[in-house]
Amino acid sequence: MHKIPLLGQTLSELTQLAKDLGMPAFTGKQLAEWIYSKRVCSIDEMTNISVRNRTLLNQTYEVGRYAPVQQQASVDGTVKFLFKTQKGHLIESVFIPEDDRATLCISSQVGCKMNCLFCMTGKQGFTANLTAHEILNQFYSIPQSEELTNIVFMGMGEPFDNLENVMKTNTILSAGYGIGWSPKRITVSSIGLIPKMKVFLDNSDCHLAISMHSPFDEERLRLMPVQKPYPIASVINELKNYDFSKQRRVSFEYIMFNGVNDTQRHAAEIVRMLKGITCRVNLIRFHAIPNIDLQTSPDDKMIAFRDYLTNNGVMTTIRKSRGEDIFAACGMLSSTHNKENL
C-alpha cells in the first residue's frame with residue numbers, strides 16, 4: 001500500500017495531521033517548512049522533529065517526491081519530462097529556459113475531456129484529475145526546480161476542469177509557508193469554462209490565458225467543442241466585469257491555421273470583441289499532429305496579423321515555438337507512451 005504524500009498538503013492540513021498523531025500543533029509548520037522551503041525528499045531529513053515523531057510519521061506518510069521517469073532535451077534547450085503517478089498514469093511537463101526566465105509548463109490532468117481538434121492531449125481522451133501532490137511534484141522534482149521563475153498551466157488537461165486542485169497548488173506556492181511566490185508568476189490557461197473561470201477570478205490573483213483560436217462562432221465550434229456551451233463572446237463579456245489594468249493580466253491564445261483563421265476579417269473581429277479589455281494576444285504557430293489536416297500560417301501572414309492587431313490597439317506578440325523537435329511545443333503533449341518500456 002502506498003504511503004500518503006505530505007507534498008500537496010496545506011499548512012492547516014499538516015497541522016491537523018500532526019495533532020491527530022498526538023504531536024504539538026507547531027509540528028505542522030515544521031513539516032511545511034521542510035517540504036516546501038527546504039525541499040527535503042524524506043521525513044528522516046527533518047532534524048528538528050524528534051526521532052520518535054519521525055518514526056511515527058514514516059509509518060503512514062512520505063514526502064512524496066518522485067523523479068521523472070524520462071526526459072528529452074530539445075536542440076533549443078527545452079526539456080520535456082515524463083512522470084508516472086502513484087496510480088501508474090503518465091503525464092508530461094516542459095521546462096522552458098529563456099534569458100532571465102525559466103518557465104515550467106505543467107499538466108493538471110491525465111489527458112483531457114475537451115477534445116480540441118488541434119491538440120494531441122485531447123486525442124488521448126480523459127483518464128484522471130491530478131491531485132495537488134501530483135501537480136506540485138512536477139515543480140519540485142525536476143533538476144531545474146530551484147531555477148524556476150514562472151509556471152504556466154498549459155500542459156495536459158483543462159485546468160478549470162480540475163479547479164480545486166489547481167487552486168490548492170497555487171495557494172501552496174504563494175503562501176509564506178510555501179515558497180512565497182507572487183501569484184503574478186503563475187498563469188492558468190483555459191478554453192473558457194465560464195462558471196469555473198469566475199470562481200478562479202474571484203479567488204485568485206494569478207494571470208489568466210484564454211484559448212480563443214477564432215472569433216467566429218461556427219468556425220471556433222469546428223475547432224473547439226466547448227464553443228457550444230461557452231461561446232467565446234460570452235467568455236469575453238464575463239471578463240469585461242474584471243479589472244485587468246493593474247497587476248493581474250489576461251491574455252488570449254490564438255493558434256494560427258493557414259487559410260482557416262488568419263485573415264484580416266478575423267483580425268478585425270478580434271479588435272471589435274476585445275474593445276474595452278486591457279489584454280494581450282499571443283499568436284502561436286500550429287505544430288502539426290498526426291491525422292489532422294491543418295497547417296500553420298506562414299510567417300508573413302502572422303506578422304501582418306500581429307501588426308493589424310497592434311496598430312488597432314490590441315497588444316499582440318508572436319510566441320516563439322519551443323521544443324517542437326521533441327513534441328514538447330503547444331498542443332503536442334500526450335502520455336500515450338508504451339508503459340512496458342518504463
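Of the residues Leu57, Leu17, Leu31, Leu11, which is in contact with a Phe, Trp or Tyr (Cβ under 6 Å, 6 or more places away or on another chain), touching a residue at least 12 places away in the same chain (Cβ under 8 Å), crowded, with 16+ Cβ neighbours inside 10 Å and not aromatic (Phe, Trp, Tyr)?
Leu11
Go through Met156, Met167 for me and flag whichever is part of a loop (DSSP other than H, G, I, E, B) and either in the same structural domain as Glu92 (by TED's automatic domain parsing) or closer than 23 Å to Ser12 by Cα (or both).
Answer to the selection: Met156.
Just one of Ala304, Ala268, Ala288 is at pLDDT below 95 and assigned by TED's automatic domain parsing to the domain that holds Val188; which is it?
Exactly one of Ala304, Ala268, Ala288 is at pLDDT below 95 and assigned by TED's automatic domain parsing to the domain that holds Val188, namely Ala288.
Is it the case that some residue within the stretch 84-97 is without any contact (Cβ under 8 Å) to a residue 40 or more places away in the chain and assigned to a loop (DSSP other than H, G, I, E, B)?
No, every residue in the stretch 84-97 fails to be without any contact (Cβ under 8 Å) to a residue 40 or more places away in the chain and assigned to a loop (DSSP other than H, G, I, E, B).
Could you say which residue among Gly122, Gly157, Gly111 is within 24 Å of Ile292 (Cα to Cα) and at pLDDT 95 or above?
Of the residues listed, the single one that is within 24 Å of Ile292 (Cα to Cα) and at pLDDT 95 or above is Gly157.
Looking only at residues that are among the polar types (S, T, N, Q) and not in a helix (DSSP H, G or I) in the stretch 296-311, which one is surrounded by the fewest Cβ atoms within 10 Å (Cβ to Cβ)?
The residue in question is Thr296.
Can you tell me which residue is surrounded by the most Cβ atoms within 10 Å (Cβ to Cβ) among those in the stretch 131-150 that are touching a residue at least 60 places away in the same chain (Cβ under 8 Å) and more than 15 Å from the chain's Cα centre (by Cα)?
Here the residue is Ile142.
Could you figure out which of (1) without any contact (Cβ under 8 Å) to a residue 12 or more places away in the chain; (2) hydrophobic (A, V, I, L, M, F, W, C); (3) in contact with a helix residue (DSSP H, G or I) (Cβ under 8 Å, 6 or more places away or on another chain) isn't true of Ala288?
The failed condition is (3).
Could you please find all residues in the stretch 93-117 being in contact with a Lys or Arg (Cβ under 8 Å, 6 or more places away or on another chain) and among the aliphatic types (A, V, I, L, M)?
Val94, Ile96, Leu117
Among the residues of the stretch 273-286, are any surrounded by 20 or more Cβ atoms within 10 Å (Cβ to Cβ) and over 19 Å from Ser189 (Cα atoms)?
Taking every residue of the stretch 273-286 in turn, none turns out to be surrounded by 20 or more Cβ atoms within 10 Å (Cβ to Cβ) and over 19 Å from Ser189 (Cα atoms).
I need every pair where a residue in the stretch 293-318 that is farther than 13 Å from Asn258 by Cβ has its Cβ under 6 Å from the Cβ of a residue that is charged (D, E, K, R), sequence separation at least 6 or different chains.
Listed pairs, sorted by first residue: Met315/Arg280; Thr316/Arg306; Ile318/Arg306.
Which of the residues belonging to the stretch 270-291 are more than 20 Å from the chain's Cα centre (by Cα) and under 16 Å from Lys301 (Cβ atoms)?
Hit for the stretch 270-291 is Ile270, nothing else.
Kindly evaluate Glu13 against the criterion of being under 30 Å from Arg319 (Cβ atoms) and touching a Gly at 6+ places or on another chain (Cβ under 9 Å).
The answer is no for Glu13.
Hey, could you check the stretch 151-178 for residues that are touching a Cys at 6+ places or on another chain (Cβ under 7 Å) and small (Gly, Ala, Ser) and say which is surrounded by the fewest Cβ atoms within 10 Å (Cβ to Cβ)?
If we take residues in the stretch 151-178 being touching a Cys at 6+ places or on another chain (Cβ under 7 Å) and small (Gly, Ala, Ser), then Gly155 is surrounded by the fewest Cβ atoms within 10 Å (Cβ to Cβ).
Output the residue which, of all residues in the stretch 162-207 that are within 30 Å of Gly259 (Cα to Cα) and of a type in the set (A, V, I, L, M, F, W, C), is nearest to the chain's Cα centre (by Cα).
Among those residues, the one meeting the criterion is Val188.
Ser245 is checked against (1) in contact with a strand residue (DSSP E or B) (Cβ under 8 Å, 6 or more places away or on another chain); (2) at pLDDT below 95; (3) not β-branched (Val, Ile, Thr) and fails just one. What number does that condition carry?
The failed condition is (1).
If I ask for residues that are over 19 Å from Arg280 (Cβ atoms), under 20 Å from the mean Cα position of the chain (by Cα) and part of a loop (DSSP other than H, G, I, E, B), which ones from the stretch 208-247 would you list?
Met224
Can you name the residue in the stretch 99-113 that is touching a residue at least 24 places away in the same chain (Cβ under 8 Å) and surrounded by fewer than 17 Cβ atoms within 10 Å (Cβ to Cβ) and, of all such residues, is nearest to Ile4 (Cα to Cα)?
Here the residue is Lys113.
Step by step: first the residues of the stretch 41-54, then only those that are surrounded by 18 or more Cβ atoms within 10 Å (Cβ to Cβ) and closer than 25 Å to Trp181 by Cβ, then the one that is nearest to the chain's Cα centre (by Cα). Which residue is that?
So, considering only residues that are surrounded by 18 or more Cβ atoms within 10 Å (Cβ to Cβ) and closer than 25 Å to Trp181 by Cβ, the one nearest to the chain's Cα centre (by Cα) is Ile43.
The values are calculated or read from the model by the stated rules, or taken from the named source; none is laboratory data. For clarity, every value in this text was computed on a predicted model and none was experimentally measured. A quick note on method: Cβ atoms are made from the backbone with ideal geometry, for glycine too, and the neighbour counts reach across all protein chains shown.
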